[in-house]
4 protein chains.
Amino acid sequence: MSPRSSKQFDDIRKQKKKLIMETALELFAEQGFHATSVSQIAQKAGISKGLTYNYFESKDDILHEIIEEGFKSIYSNFDINHDGVLTDDEYIYFIRQSFRIISENRNFWKLYFTIMIQHNVANLFEGEYIEKTQPILTTLLDFIKAKGSSDPEADILAIGSMLKGAYLMVVTSSDFFPADKLENAIIDASFKIMQSHNKSKIKQS
Amino acid sequence: MSPRSSKQFDDIRKQKKKLIMETALELFAEQGFHATSVSQIAQKAGISKGLTYNYFESKDDILHEIIEEGFKSIYSNFDINHDGVLTDDEYIYFIRQSFRIISENRNFWKLYFTIMIQHNVANLFEGEYIEKTQPILTTLLDFIKAKGSSDPEADILAIGSMLKGAYLMVVTSSDFFPADKLENAIIDASFKIMQSHNKSKIKQS
Amino acid sequence: MSPRSSKQFDDIRKQKKKLIMETALELFAEQGFHATSVSQIAQKAGISKGLTYNYFESKDDILHEIIEEGFKSIYSNFDINHDGVLTDDEYIYFIRQSFRIISENRNFWKLYFTIMIQHNVANLFEGEYIEKTQPILTTLLDFIKAKGSSDPEADILAIGSMLKGAYLMVVTSSDFFPADKLENAIIDASFKIMQSHNKSKIKQS
Amino acid sequence: MSPRSSKQFDDIRKQKKKLIMETALELFAEQGFHATSVSQIAQKAGISKGLTYNYFESKDDILHEIIEEGFKSIYSNFDINHDGVLTDDEYIYFIRQSFRIISENRNFWKLYFTIMIQHNVANLFEGEYIEKTQPILTTLLDFIKAKGSSDPEADILAIGSMLKGAYLMVVTSSDFFPADKLENAIIDASFKIMQSHNKSKIKQS
DNA sequence: GATGAATGAGCGTTCATTCAT
DNA sequence: TATGAATGAACGCTCATTCAT
C-alpha cells in the first residue's frame, strides 16, 4: 500500500474518532455519562456499535479522551506566556475570552462541572492540571496586587468564586439568559473588588 | 402475642426510611444517581434490597424524597419574613448562615448541583422553587439598593455569581479548605460591589 | 376455655378461610393464578398478608383448596343416584341445572377451564374425578340409548362437545349474552342428535 | 474480512426469531404465559437471555407476535371467498380442515383458549377478529338456512358450541384420543341439527 | 389470632463488551 | 474497516414466605 493511502486511512480514523467523541460529548452533557449507552452514541453517530471499540478501548475511555482533548484545547486558547503585569484591557479581554470559550463549548463544560463536583478534578489530571492552572493564577494575582488590593489572597478568592459561579450560570442557562449583562457585571465587580480600600465590615465569627 | 402497636410500626418505618435516605444521599453525592445501584444502597444501609421497596416506590422516588426533604429543611432555615431592609449585620448573618447550611449538608448540595447542571432545577420544582426563592432575591435586591448601588441588577448578578461559585467551592472542597477565609472574602467583596460608585471600566464589546 | 368459645373460634376460622378463598377465586379468575399476588388477596380480603399463612400453607394450597371445594359443591348439586332411565323432563332439568350452576359460579369455572387446558384435570383428581363423573356419563348414555340412538357413543361425544362448548361460552360471555337462547338451542339440538336415525353423511376420510 | 451481507443478517434474524417464538409457544401452552420466564425460553432455545431482547421488545411482545402470526396462518387456511352456498361436501371439508388445523397447532390453540377465557379475545384483536370471523359465520349461516333449518340462529348456536367444545377436546386431549371418531360424530350431529324439523321439546323455563 | 417488617430468590430488562464474518 | 448477533453480569423491581411482636 502506498504511503498516501496510508495517510488517507489515518485521516479517516481521525475523523471517525472526532465524530464519536463529539457525539458522545453531546449525549454525556445532555443525559450524563451513566445514562448514556454506547448503542446510543453509535446510533447517533451513524456507525455500528462494534466500530466504537475499534477506536476506543471502553466507554470510560471515550470520556477520558473527551476530557483530555477538552483541557488541551482550553489551555491552548489562553496565551498566558505573559511577562509583565496585565493591563486593564488585557484583563478584560481575558475575562471576555473565557466567557466566549465556555459558551461555545457548553456541552464540554456541563460535563466538566458534573465531573468536578463528584471528583476533585485536580486529582484527575494530577500534575498537568496544576502546571497549566498555576501561571493563570499567578498572572491574575499579580494583576490584583498591581491594582492596589489590600488583601490579594482574599480578592482572588472572591473573584475566583465569582467567575466560577458566572461560568456555571452560563453553562446551565437557557437561550434567553442575558449573557452580556452578566459578563459586564462580573468585569465591573472584579474591578470594584480589587480597587476598593474599604476597611472590612466583618469581624471574625 | 399481640402484634406491634401501630405507633411501634410507625417508629420503625420512620427510622428505616431516614436510614435509607441518608445512605442513598451519601452514595448519590459520591457517585451520582445513575451510577448508584439500589443494591449498593441496601448493602450500605445493612438491609435487603427488597426492603427498600417497602419504603419507596422506586429508585427515582428515593431521589425525589431526598430533594423534597432537602428543600424543606433549607427554606425553613431562612427567616425571610422580613418587612424592612436588612441591616448590615443581618446581611452578614444571612451569608454566614447560608455557608453553614451548605457545609453541614455537603452531600445534599453536591447532589443538588449535579442535578441542577443536567436539568434546570427551576423546572424540577417549578412553582415551589420560584415561590420560595423570590422573597430571598427581593430582600437581597432591596438591600443592594439601600446600600446605594448605581446598578442593582448588575450587582445582584455579580453577587449571586460569587455566592454560587463560593458555595460550589465549599461543596467540592477537601477538608483542608480555608472555608472561613472564603466566607470573609465573599462578605467583604459583596460590600465593595454594592457600595462602590465607580464608573464602569468597560465598553461594550 | 369453655367449649363454646372454642366453637366460636372455630367458626371464625371457617369464615376467614371462606373469605380468603372467595377473594382469591375472584382474583384468580380475573387475572389468572400467577398474575395474582398474595398481597393482593390479603388486601382485597381486608386482612394482613401474614394471616393468609395462618390458614393456608402456601399460595398453591389456596388454589388446591378452591378447586377441591368447587368440585365437592358441584357434584353435590347433581342427584345422580338414579336407578332407571331419565325422563325427557329429567334430562331437560339436568341440563338447565348445569347451566345454572355454571353461570352462578362463573369465576370458579373460568379457573376450572384454564387449569383444564393446561393440565389434564382427570389427572389432578385421579380416582375421585372418574368416580364422580362416571355415574353422570352412564346415566346420560342410558338415556341416549333409550331415545333410540343408532350410535350412542358418537352421540355422547357430540352432545358432550356441545355442552362443553356451551359452558365455555357462558363462562366467557359478557353480561349481554343471550344465555336463555343458548340453553334452549342446546336442549333442542341434543334431542335432534339422539333421535334422528339418518344415515351418516360422511365417508371415512 | 468483510462483514456479513445484509441478506445473511436477515436470514439469521428470521431463523432466530422463529426459534424463539416456537420455543416460547411451547412453554406458554404448557405452563401459561405468566408461569413462563424469559430465562426458561432462552434456556430451552439454547440462547442467552439477553439475546431475546435483540429480537423482541418485551415478553409481552413475544406473546403478541405469536398470536398475530397464529391468526394470520389460520385465516389464510380458510378459503372463505365463497359466493354461493356450500355444498355438503364443502361443509364437511371445512369441518375436517378446521380439525386438522387445530390438531396440527395444538400448542397455539391451547394458548388461544387460555387467553380467550381470561380476556375476551374479541377485545384483544378488536376489528381484525370480527372482520375475519364474520364471513365464516355468514357462510355457515347461509348453509344452515339452505339445509332447511327451522331456527337458524338457534342451530348456529348449537353447532358453534359443539365445534368449540370439540376443538377444546382436541386441544386438551392426550395422544390416545379418538380424534377421528369425534370428528365424524360432530359432522353427523351437525347435519342432524340442521335438517331436523322436529318441534321443540322445551317450554320456556 | 393477627400484624407488617424483613428476606432472598427470581423476575423482566439493559448494556458494555466480544467476535465471527 | 466495519457489522450486528451474541453474551453475561448487573440492573430495578416483585413477591411468596417467615418471624418477632
Across the identical copies, how the C:K16 labels are spaced - nm, sorted shortest first, 7 Å along Cα→Cβ
2.2, 5.3, 7.0
10 Å-binned pair-distance histogram of segment B:68-204 (Cα, whole percent):
10, 39, 36, 14, 1
May I ask you to report, in nm to one decimal and beginning with the shortest, the distances from B:A146 to the same position in the other copies, taking label points 7 Å along Cα-to-Cβ?
4.0, 10.0, 10.8
Segment B:1-56: equivalent-ellipsoid semi-axes (sqrt of 5 x gyration tensor eigenvalues, Cα, Å)
26, 11, 7
Taking a cut-off of 12 Å between Cα atoms, list the aspartates and glutamates near A:K132, but don't count ones fewer than 8 places away on the same chain.
A:D79
C:K72: which aspartates and glutamates have alpha carbons under 17 Å from its alpha carbon, excluding same-chain residues fewer than 8 sequence positions away?
C:E22, C:D61, C:E104, C:E126, C:E128, C:E131
What are the chymotrypsin sites (Phe, Trp or Tyr not before Pro) within segment A:47-154 that DSSP puts in a loop, where the Cβ has at most 16 other Cβ atoms within 10 Å?
A:F78, A:F125
Looking only at aspartates and glutamates whose Cα falls under 12 Å of D:K145's and that sit 8 or more positions away or on another chain, we get D:E153, D:D155
Per residue of B:105-115, how many C-beta atoms from partner chains lie within 10 Å of its own C-beta, taken as a mean?
2
Please state the charge dipole magnitude for segment A:14-106, taken about the Cα centre, from unit charges on C-beta atoms (+1 on K and R, -1 on D and E), reported in debye and rounded to the nearest 20.
640
Bins of 5 Å, beginning at zero and ending with the bin holding the largest distance: percent of Cα pairs per bin for segment B:1-136, please.
2, 8, 16, 18, 16, 14, 10, 7, 5, 3, 1, 0, 0
Based on Cβ point charges of +1 for Lys and Arg and -1 for Asp and Glu, what charge dipole magnitude is obtained for the protein assembly as shown about its Cα centre, in debye rounded to the nearest 20?
560
Filtering GluC sites (Glu not before Pro) in segment A:11-111 by DSSP loop and by at most 13 other Cβ atoms within 10 Å leaves A:E57
Around A:L111, with a cut-off of 13 angstrom between Cβ atoms, what is the net charge of the other residues, counting Lys and Arg +1 and Asp and Glu -1?
-4
How far is helix B:106-118 tilted, in degrees, relative to the longest principal axis of the Cα atoms in chain B, given as a value from 0 to 90 rounded to the nearest 10?
80
Counted charge near B:S173, where neighbours are those whose Cβ lies closer than 14 Å (Asp, Glu -1; Lys, Arg +1):
0
Segment D:1-56, relative contact order [Cα under 8 Å, separation at least 6], %
30
Between B:A35 and the same site in the other copies, what are the distances in nm, shortest first, taking label points 7 Å from Cα along the C-beta direction?
1.5, 4.2, 4.6
Per DSSP helix of 4 or more residues, -39500 (n - 2.57); summed, then divided by the residues of the protein assembly as shown. What does that give at 222 nm, rounded to the nearest 500?
-25000 deg cm²/dmol
Could you derive backbone 3J(HN,Hα) for segment B:169-174 from the dihedral phi with the Karplus parameters 6.51, -1.76 and 1.60 (θ = phi - 60°), listing whole Hz in sequence and x where the residue is Gly or Pro?
4, 4, 5, 8, 6, 7
Counting only Cβ atoms, what residue of chain A lies nearest to the axis that sends chain A onto chain D, and how many whole Å off?
A:G50, 3
Go through A:K14/A:K44; C:K147/D:K164; A:K164/B:K192 and tell me which ones have a Cα-Cα distance over 21 Å in this structure.
C:K147/D:K164
Expressed in µm² per second, the diffusion coefficient of the protein assembly as shown from the Stokes-Einstein equation, with Rh the Kirkwood radius over alpha carbon pairs, at 4 °C and 1.567 mPa s, is 37
A:N77 paired with D:D175, simple spin-label distance in nm, labels 7 Å along Cα-to-beta-carbon
7.6
Toward the positive end of the charge dipole of segment D:1-56, about the Cα centre and with charges on Cβ (Lys, Arg +1; Asp, Glu -1), which of D:A24, D:S5, D:A35 goes farthest?
D:S5
Cα centre as origin, Lys/Arg/Asp/Glu Cβ charges: chain C dipole, Debye
440
On the formula 1/(1 + (r/R0)^6), with r taken between the Cβ atoms of D:R106 and A:K16 and R0 of 45 Å, the FRET efficiency rounded to 0.05 is 0.25
Please compute the average number of Cβ atoms from other chains found within 10 Å of each residue's Cβ in peptide A:27-36.
3
Roughly how many Å is it from the Cα centre of segment B:1-80 to that of segment D:88-165, as a whole number?
57
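Each reported figure results from applying straightforward, stated rules to the coordinates on display, with no laboratory input. All figures in this text were calculated on a predicted structure; none of them were measured in a lab. Cβ: placed from backbone, ideal geometry, glycine included. Neighbour counts: every protein chain shown.
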